[in-house]
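Notes follow the structure.
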Amino acid sequence: MLQPKGEGGEENPNFKWGLKKAVGRTDKTVSFYESFTYEDIEYRLFDCAYFQIQGQCETSIGKLIRMYETSAGEKKVKVLWFFRPMDIRSYLRDYVPQWDELFLACGDDPGVYNINDVDTILGKCSVVCLSDDQRNPPPGRRELRNARYFFSRTFDTKLKIISEDFADAIAGVKVQDFFNKRMDKEALKRLNSNAAPVKSFCSESRLEKNYDRDGKLTCKTSPVKKELLADRVHVKKNPPVSAEITSRGLKHKTTPLGSPVGSGSSGDQKPFKRRKLLLNTPDSDCCPDPGEKKFNKNPPLVDKAQSQSIVEKARQITNFEEELKEAIKTERLVLFENLEPSYTSVEVENLCSQALKERVDAKMIPANLVSNPHIGRALVIFETKKAAEKAMSRLARGCLMLDDQRPLLGSRDFPKEVGECGSFTGHQRLVDRAQMSIEKRKAVSTAHCTQPNHIVHEMAVEWKALNAKSEWKWTRLLEEEAKEINIIFRSKNARG
Amino acid sequence: MTNREEEEAQYESFLSKVRRTVYVDELTPLASKSVVESAFSQFGTVKEVIFLPNYLGPKELPACVLVEMESEQKAKAVIETVSQFPFMVAGMPRPVRASAARPNMFSDRPKKPGRVIQFRWMDPSDPEFDKAQRVKRIVKKHSAEAAFMIRKQLEEAEELAKQQAETVTTHHKKFDLIDKLTVEGVAQKLAGRYNMKCGPSHR
């Protein structure tokens, strides 16, 4: 076994290579390995691990796809990255990710993988693949239970799309190695491995040590990732320790083979004990970052049901309307009016976190033809009733001016419940259904244009006339309203 | 800088999606996604159907739906046909209404590239404060006006529906009567009784 002495860095007594796999084809002084032991944890090829990136709060997660030592004695790992949903937030489109979902990087662009020093590794991470791909063996119960994250989709760094399809090879590694390992192979490997006795789970003292090191470690991350992150500087301002870890608090305790690091953050260098305290504090007083909000909506998984719930969660889509009902019941909902209509929900969330210092869940109400096109409205759900009331009174007493001279308006004037509509005005049964032939009934249910010689046509034209009338009314009303607003603005400019 | 370009490209692709999309309202809330899809697939391939949520009621409001077609031309064709001829979806006789979609109708729209929202808090000592409060009041008034308009519209629709229902029932009765006269031979019987000639059947 090689016990190399690093020339570049100092010798690390915590490091030990495992089984040697091969030497480099072009450069014989480079040796490749199948596993290594670092700080009492054994890493095998295609294991996943946490990495520390300087200047970023969140750790990065990557898969070790190659491990080797250069002639200079530098111990390197080639890492293929996973993206957190946060990282690719602007490319999610209509896909709603789970809080514990990751996306495998793929594509030809640089940034899919990197070569890193071994000491940028923070700890092992268990990631399970839930893809329906035929090449992917379904994960075992034990794996599922221990999994901290799952992935079922790839993110192409070049095309910037999320896809369910896995290419045959990513970064020169065949795709089978990214899927779950086959059990027998795993067992064999374990037998063959002639590494020194290894603790595959870790003690608290080790964790503590790891966190103390956090600040010093550096790591090359995917440039793409950096770039993706660049436009969300606010993320860095608020160390996102809390929400994520809190929601996983239970898991920490129940996971027997858990991976060592929850989420190391360079902004947070508190020792572990402090951290543990943090784990037990309620969510409400931490992390005002809107991007993190999804985490605390999912209660921590209970051990027994976990294997199913992960799979279920992978399919389920979070339902805003359910949330809305809940928020109305607990009086956490505020209706924001007079927003610039083109604001997006995320922008409103950011606005709230900056102006009101509150973490909220916001949704712009989509415009339609029976709404004022000059006034944007948003439903904003606050964390607590108190926060909602505070925001309301601040908006009423003071005045929050938005960029183009729009004072924001908060109101709680909305119906308690919008039920389901039973019947639709204007659709009627022309004759008794019972007397109608089946053919006719079909005609009603399928869409069609009316024939001019039918009585329905006449009635439809009446409806059209009504529509035209109301359209005209709306235009008139909006004109008047625009005038009223303009008068105020004009006098404003005159004085200002 | 590349980030900005990406944003712009993304926004551009969103806008082209908007141009492909038709906004349809005056639709029964009972219509399902598949009904809408099959209704508009008569014009071309329907790529996506998005129902706009009715968060604030009233529940009687007609449903609004965004229908994404395969191309801009197809979308235009749909709008043209539907606004020219009364087009029924899942019920008669109230037709649906179609118009071009606007970006603000999409709830998952991307943000405008490069925009940063500016804001500032005003306190009562601010010279503009009074004006701002006035704008607030006016906006409040405007949303009340909009709510009133919507209610009024619903009432009008209700009225028209009632009136039409009446017309239909009277028509139905009339036709029923004529039906009975001709098919069941009531007219002939009466004619025979009063010794009169009746209709083409006797000729």
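The values are calculated or read from the model by the stated rules, or taken from the named source; none is laboratory data. Owing to the predicted nature of the structure, the values given are computational and were not obtained by experimental measurement. Glycine also receives a Cβ, built like all others from the backbone with ideal geometry; neighbour counts cover every protein chain displayed. We work out accessible area using only protein heavy atoms, side chains counted, and drop any ligands, DNA or RNA first. Shrake-Rupley method; radii C 1.70, N 1.55, O 1.52, S 1.80 Å.
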Anything in segment A:366-405 that is more than 30 Å from residue B:100 (Cα to Cα), in a loop (DSSP other than H, G, I, E, B) and within 13 Å of another protein chain (Cβ to nearest Cβ)? List them, or say none. A:398
Could you count how many residues in segment A:143-158 are touching a strand residue (DSSP E or B) at 6+ places or on another chain (Cβ under 8 Å), of a type in the set (D, E, K, R) and in contact (Cβ under 8 Å) with a residue 40 or more places away in the chain? 3
Output for segment B:104-114, where each listed residue is open to solvent by 40 Å² or more (accessible area, probe 1.4 Å) and either more than 7 Å from every other protein chain (Cβ to nearest Cβ) or modelled with pLDDT of 85 or more (or both): B:114
Do the conditions hold for residue B:192, that is, is it more than 10 Å from chain A (Cβ to nearest Cβ), open to solvent by less than 60 Å² (accessible area, probe 1.4 Å) and at pLDDT 80 or above? yes
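Here's the yes/no breakdown for (1) under 27 Å from residue A:402 (Cα atoms); (2) modelled with pLDDT of 85 or more; (3) open to solvent by 20 Å² or more (accessible area, probe 1.4 Å):
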position: A:317; (1), (2), (3): no, no, yes
position: A:320; (1), (2), (3): yes, no, yes
position: A:359; (1), (2), (3): yes, no, no
position: A:371; (1), (2), (3): yes, no, yes
Filter segment B:65-97 for residues that are open to solvent by 10 Å² or more (accessible area, probe 1.4 Å) and part of a strand (DSSP E or B); the one that is farthest from the other protein chains (Cβ to nearest Cβ) is B:68
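Results for (1) more than 7 Å from chain A (Cβ to nearest Cβ); (2) closer than 30 Å to residue B:72 by Cβ; (3) touching a residue at least 40 places away in the same chain (Cβ under 8 Å); (4) not in a loop (DSSP other than H, G, I, E, B), shown as yes or no for each residue.
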position	(1), (2), (3), (4)
B:121	no, no, no, yes
B:124	yes, no, no, no
B:132	no, no, no, yes
B:150	no, no, yes, yes
B:153	no, no, no, yes
Residue B:188 being among the polar types (S, T, N, Q), within 30 Å of residue A:407 (Cα to Cα) and touching a Ser or Thr at 6+ places or on another chain (Cβ under 9 Å): no
Name the single residue, out of those in segment A:173-189 being more than 26 Å from the chain's Cα centre (by Cα) and modelled with pLDDT of 75 or more, that is most open to solvent (accessible area, probe 1.4 Å). A:174
Tell me, please, whether a residue that is open to solvent by less than 30 Å² (accessible area, probe 1.4 Å), modelled with pLDDT of 85 or more and part of a loop (DSSP other than H, G, I, E, B) can be found in segment B:34-52. yes
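Quickly run through segment A:126-135 and pick out the residues that are open to solvent by 10 Å² or more (accessible area, probe 1.4 Å) and either out of contact with any Phe, Trp or Tyr (no Cβ under 6 Å at 6 or more places or on another chain) or not acidic (Asp, Glu) (or both).
Correct list: A:126, A:127, A:130, A:131, A:132, A:134, A:135.
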Identify all residues within segment B:156-172 that are within 16 Å of the chain's Cα centre (by Cα) and either more than 9 Å from chain A (Cβ to nearest Cβ) or surrounded by fewer than 14 Cβ atoms within 10 Å (Cβ to Cβ) (or both); write none if there are none. B:158
Does residue B:7 satisfy the condition of being among the acidic types (Asp, Glu), buried (at least 18 other Cβ atoms within 10 Å of the Cβ) and facing chain A (nearest Cβ under 7 Å)? no
Name the residues in segment B:129-151 that are open to solvent by 40 Å² or more (accessible area, probe 1.4 Å) and over 39 Å from the mean Cα position of the chain (by Cα), would you? B:130
Within segment A:138-172, tally of residues that are of a type outside the set (Ser, Thr, Tyr), out of contact with any Gly (no Cβ under 6 Å at 6 or more places or on another chain) and surrounded by fewer than 16 Cβ atoms within 10 Å (Cβ to Cβ): 12
Tell me the strands (runs of 3 or more DSSP E) entirely within segment A:8-82 that contain at least 2 residues that are over 26 Å from residue A:181 (Cβ atoms). none
